[in-house]
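Heads up: the structure comes next, in structure tokens.
The values are calculated or read from the model by the stated rules, or taken from the named source; none is laboratory data. Note that the coordinates shown come from a computational prediction; the quantities given were computed from them, not determined experimentally. For neighbour counting, all protein chains shown are included, and Cβ atoms are generated from backbone atoms with ideal geometry for every residue, glycine included.
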Amino acid sequence: MSEWRRVQLSDLLTFGNGKRKPSTSGDIPIYGGNGILGFSNESNYQGETIIIGRVGAYCGSVYYETKPIWVSDNALSAKPKSDNNLRFLYYFLKKVELNQYASGSSHPLVTQTLLNSLEFNICTNPDEQKAIAEVLSSLDDKIDLLHRQNKTLEQMAETLFRQWFVEDAQDDWEDGCIQDIAEFNPQYLLKKGAFSTYVEMKSLSTTTFKPEGYYKRAFTSGMKFKNGDTLLARITPCLENGKTAFITMLKKDEIGWGSTEYIVMRMKPGYHLFISYVIAKDKEFRDFAIGSMTGSSGRQRAQAAVIETYKMKIPPKKVVIKINNQFKGIVEKLIVNSTQIRTLESLRDTLLPKLMSGKIRVSFNN
């Protein structure tokens, strides 16, 4: 029989403290409040585990793992009591947004005592919990597969760039620099007050081309861009961490805008636009950009005027045509996958509160 009751989290979960992260290196993820912060050859938790950010800006963040992990002292762990389904409880904790219960305004904190005392109306039937978790996890599994496909596609593009522009570059190719094939900080018109897509620095990813968390906002001042542009973080530590984006999500002829702390790159006519993103991700180019940084410690910025002088061999037109054809197929698939990811994420985020409140029910076997 289905059971939805008001209970304390202590009735469902056993919470534990993390420990100072080990100094060893390896393949086992080390979790902090902001997710994976490194890897070790040691673990302090095995099997299904929920990880909860304990302190600071990421207090109350929730993660789920099935493999051995190390939970650091910036996080808490949670294991299921009795037959409760841990994947279901992970989704439930995501839905309730634990950060709102944190104590302290300047330095928010979540403790075991606090978590144990929280009361919610929740499904307590393990079979129904499992059925709900399977609906949501099936969506997450599809999203994860598409993300992994995109990661592979980006790696293919990076390999092709290295092959064409570096490893197979011919001695008789023109000696040039990146400003011969790409434009930096192109000038676009966007009227003050115009409502347009805004991309802040935290929206740029270190792992994939597509920014997240962008939204519409009235233009005040900042860098402007359009579809086909690459955004390269220019401030420390964002540049060193690899924050980069390739813009594909704007409406036709829309000009977006955002942080003044990135450089906008756009390939010149005749070159596939995605090449600028792959160049921006290339280690040698990024090291050169980092080397251009000036300013006081902790607030250093890369200089576009210096980056433009990055030396490279310029392939002849017939080679560029071949490069463009290979990039075309990769980018088309990347965009299709990203559109599917956004659709699935929207569906999951719509279903999550309704499944967790019982407004939508799923069939299950007792």
Next on the checklist: Being in contact with a Cys (Cβ under 8 Å, 6 or more places away or on another chain) and of a type in the set (A, V, I, L, M, F, W, C) is the filter here; which residues of region 122-179 pass it?
Outcome noted: ILE132
Checklist entry - Which residues, taken from region 210-237, are among the hydrophobic types (A, V, I, L, M, F, W, C) and in contact with a Lys or Arg (Cβ under 9 Å, 6 or more places away or on another chain)? => result ALA218, PHE219, PHE225, LEU231, LEU232, ALA233, ILE235
Checklist entry - If you check every pair at least six apart or on different chains, which have Cβ atoms under 8 Å apart with a residue in region 249-270 that is under 30 Å from VAL319 (Cβ atoms) first and a residue that is loosely packed, with under 12 Cβ neighbours inside 10 Å second? => result GLY270/LYS317
Checklist entry - How about region 281-324: which of its residues are under 24 Å from GLU174 (Cβ atoms) and basic (Lys, Arg)? => result LYS281, LYS283, ARG286, LYS311, LYS313, LYS317, LYS318, LYS322
Checklist entry - If only one of TYR63, TYR58, TYR31 is more than 30 Å from ASN366 (Cβ to Cβ) and surrounded by fewer than 20 Cβ atoms within 10 Å (Cβ to Cβ), which one is it? => result TYR58
Checklist entry - Which condition number in (1) touching a strand residue (DSSP E or B) at 6+ places or on another chain (Cβ under 7 Å); (2) on the phi > 0 side of the Ramachandran plot is the one that MET293 fails? => result (2)
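With the structure loaded, tell me whether LEU250 is under 21 Å from the mean Cα position of the chain (by Cα) and buried (at least 24 other Cβ atoms within 10 Å of the Cβ) or whether it fails that test.
Numbers: under 21 Å from the mean Cα position of the chain (by Cα): yes; buried (at least 24 other Cβ atoms within 10 Å of the Cβ): no.
So LEU250 fails the test.
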Item to check | Residues being crowded, with 17+ Cβ neighbours inside 10 Å, basic (Lys, Arg) and under 29 Å from PHE195 (Cα atoms) - total across region 258-288 | outcome: 1
Checklist entry - Within the set of pairs 6+ apart or on separate chains, which have a first residue in region 312-328 that is modelled with pLDDT of 95 or more, a second that is in a loop (DSSP other than H, G, I, E, B) and surrounded by 16 or more Cβ atoms within 10 Å (Cβ to Cβ), and C-beta atoms under 6 Å apart? => result ASN324/HIS272; PHE327/HIS272; PHE327/PHE274
Checklist outcome for this item: Counting only residues that are of a type in the set (S, T, N, Q), crowded, with 19+ Cβ neighbours inside 10 Å and touching a helix residue (DSSP H, G or I) at 6+ places or on another chain (Cβ under 8 Å), region 110-143 contains a total of 1
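Rundown of residues vs (1) of a type in the set (Lys, Arg); (2) modelled with pLDDT of 95 or more; (3) out of contact with any helix residue (DSSP H, G or I) (no Cβ under 6 Å at 6 or more places or on another chain), yes/no style:
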| position | (1), (2), (3) |
| --- | --- |
| GLN149 | no, yes, no |
| ARG162 | yes, no, yes |
| ASP168 | no, no, yes |
| ILE181 | no, yes, yes |
| TYR188 | no, yes, yes |
| LYS210 | yes, no, no |
| ALA218 | no, yes, yes |
| PHE225 | no, yes, yes |
| ASP229 | no, yes, yes |
Item to check | Unique residue being over 26 Å from the mean Cα position of the chain (by Cα), among the basic types (Lys, Arg) and at pLDDT 95 or above when the list is LYS130, LYS142 | outcome: LYS130
Item to check | Subset of region 157-175 (residues that are of a type in the set (A, V, I, L, M) and part of a strand (DSSP E or B)) | outcome: none
Checklist entry - Conditions: (1) in contact with a strand residue (DSSP E or B) (Cβ under 7 Å, 6 or more places away or on another chain); (2) crowded, with 16+ Cβ neighbours inside 10 Å; (3) β-branched (Val, Ile, Thr). THR309 meets all but one. Number of the miss? => result (2)
